[in-house]
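Taking it in order: structure first as structure tokens, then the write-up.
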Amino acid sequence: MKKLLLLTAVIAFVALHSQAQNTDSIVQIPSAYLDNVTSKTSQLQLKLDRKSEKALQQMQKLEQKMMGKLRGRDSIKAKEIFGDAAQRYKELGQRLEKGLPLQQYLPSLDTAVTALKFLQQNPQFVSSVKDGGQRLSEALNKVKRMEGEFQKADEIRKWMRERKQYLKEGLLNLGFAKELKKLNKQLFYYSAQLNEYKELLKDHRKAERKALELLSKSSLFQKFFRKNSHLASLFRMPAEPDDPVNVANLSGLQTRASVNALIQNQLSSGGPNAQQQLQQNIQQAQSELNRLKDKVNQAGGGSSDEELPDFKINNQRKKNFWKKWGLGVNTQSNKPNSFFPVTTDISMMAGFRPHDNYVVGVGIGGLIGWGRDIRHIEISSQGMNIKSFAEIKIRGSLHFAAGYEMNYRSEIRNIEQLKDRSVWQYSGLAGLSKVVSLKTKFFKKTKLQLMWDFLSYEQVPRTQALIFRVNYNIK
């Protein structure tokens, strides 16, 4: 998988290099570019540092728990397996404190570092930026520290994987299946979170996209990238046709024509069915590769180095806090009675999903009145509501839903009215909700709800006991 990513990056760079139009004109890079890079890398570095520290603390705490459990059964065995645990963690900490050069290839970081180095050597591109030199140095230092933080995290992941394997072998058949499974979970979700942070590096703001777009059109930057990027250190990038170093590097390599000739010779010696057999072998290999890729992707892993999990994955644990939130609109129509006209309840909902199987949230909205009937239409404000809800997955897209709501069913003239609790009506809801698929751009996850208000019988006047609602997800 890593080789595939590297190959993709090489192909993309070669395609960029082959564009016919380049420009050597000096363009001015937006000042917001430097601020965006500094801000993004600072925030991400802090998150990554906290996540790595927490992962190690959780693993060490679990090891101590396992050591105490084993010591009660076999103190000699416990000392044999966990005797040097404290020293192992100490040595890891010392190694990480020294700082580690980046060994993995991260395209977004490579582009950022190379672009900032290029701007340092070519200050004319930021000549209009106030304190450009100082802000440029600060941005570059932040990105370089970000590189070190990612390498530190990668070292921690490798160390945790080796430690997990050591404990798995030492505690085999000793009744630690539950603890080892928990350890496997910790490593899996830590790896998944690292992959999530790498994806965040690709999330460029407008100023970043504009700056990179301007730089990519400059032949000066393209030449600089070919010689100074991390990618250039991994692969020899295309050089000028008359570059003697390039010619020397190409000497002795097989050409496309020679490879084709070799294949033809092998086919001719293989008999009349050789070509058909070759095609079948290629198709079989491709199918096997796709099957393995699908298996890794379904498991939520982005690296072939990770073991497939032996537990049900909770995809929400891979996301940061804000990505677990969702926004939606809830609508409900109410029948008229002797006190109230036809009304529609429209509420904005915010839901937090800590697990794939359940969500909790709150909402606030208003009641819009439409009049008595079709011949007496009159739009008016009929109050407001405050809601809380929870949903638990039953099967597929079917959920059990529950909630508690407060409804103010009078026209609001001032805030003081809302302080009188006696005029509020309360609803206790329980029922079912189901997501339906609609072939539209904005309402793909429309949710239908049928709820029973078991507090409706206590209201004066009595409200609807059965409620039908439609929810539209915005985010």
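The values are calculated or read from the model by the stated rules, or taken from the named source; none is laboratory data. Only a predicted model underlies this, so the values are computations on that prediction, with no experimental measurement involved. Here Cβ is always computed from backbone atoms with ideal geometry, including for glycine, and neighbour counts include all displayed protein chains.
A few notes on this one:
- Residue in the stretch 147-170 that is buried (at least 17 other Cβ atoms within 10 Å of the Cβ), farther than 23 Å from Lys51 by Cα, assigned by TED's automatic domain parsing to the domain that holds Leu70 and at pLDDT 90 or above present: no
- Residue list for the stretch 141-175, filter: of a type outside the set (A, V, I, L, M) and closer than 25 Å to Gly72 by Cα: Arg163, Lys164, Gln165, Tyr166, Lys168, Glu169, Gly170, Asn173, Gly175
- Leading residue by the ranking (farthest from Leu109 (Cα to Cα)) among those in the stretch 206-223 that are in contact with a Pro (Cβ under 8 Å, 6 or more places away or on another chain) and of a type in the set (A, V, I, L, M): Ala207
- Some residue of the stretch 286-297 being loosely packed, with under 12 Cβ neighbours inside 10 Å, touching a Leu at 6+ places or on another chain (Cβ under 8 Å), modelled with pLDDT under 65 and in a helix (DSSP H, G or I): yes
- Taken as a whole, the structure leaves Lys223 outside the set of residues that are surrounded by fewer than 19 Cβ atoms within 10 Å (Cβ to Cβ) and under 30 Å from Leu92 (Cβ atoms).
- Picking from residues in the stretch 45-85 that are among the polar types (S, T, N, Q) and more than 18 Å from Lys318 (Cα to Cα), the one that is surrounded by the most Cβ atoms within 10 Å (Cβ to Cβ) is Gln60.
- Residue match in the stretch 363-380 (condition: exposed (fewer than 15 other Cβ atoms within 10 Å of the Cβ), in contact with a Leu (Cβ under 9 Å, 6 or more places away or on another chain), assigned by TED's automatic domain parsing to the domain that holds Tyr457 and modelled with pLDDT under 95): no
- Any hit, the stretch 75-96, residues being within 30 Å of Lys227 (Cα to Cα), of a type outside the set (Gly, Ala, Ser) and out of contact with any Ser or Thr (no Cβ under 6 Å at 6 or more places or on another chain): yes
- Only one of the listed residues (Ile392, Ile412) is hydrophobic (A, V, I, L, M, F, W, C), in contact with a strand residue (DSSP E or B) (Cβ under 8 Å, 6 or more places away or on another chain) and modelled with pLDDT of 90 or more. That residue is Ile392.
- Filter pass, Ile76 being in contact (Cβ under 8 Å) with a residue 24 or more places away in the chain and part of a helix (DSSP H, G or I): no
- Residue, nearest to the chain's Cα centre (by Cα), within the stretch 383-422, restricted to residues that are of a type in the set (Gly, Ala, Ser) and part of a strand (DSSP E or B): Ala390
- Qualifying residue in the stretch 164-174 (condition: under 26 Å from the mean Cα position of the chain (by Cα) and under 24 Å from Gly93 (Cβ atoms)): yes
Each row is one residue, and each column tells you yes or no for (1) of a type in the set (A, V, I, L, M); (2) more than 24 Å from Leu34 (Cα to Cα).
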| residue | (1), (2) |
| --- | --- |
| Lys142 | no, no |
| Phe150 | no, no |
| Phe176 | no, yes |
| Leu201 | yes, no |
| Ser219 | no, no |
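- Residues that are at pLDDT below 90 and of a type in the set (Gly, Ala, Ser) were ranked within the stretch 415-447; the one that is nearest to Val460 (Cα to Cα) is Ser422.
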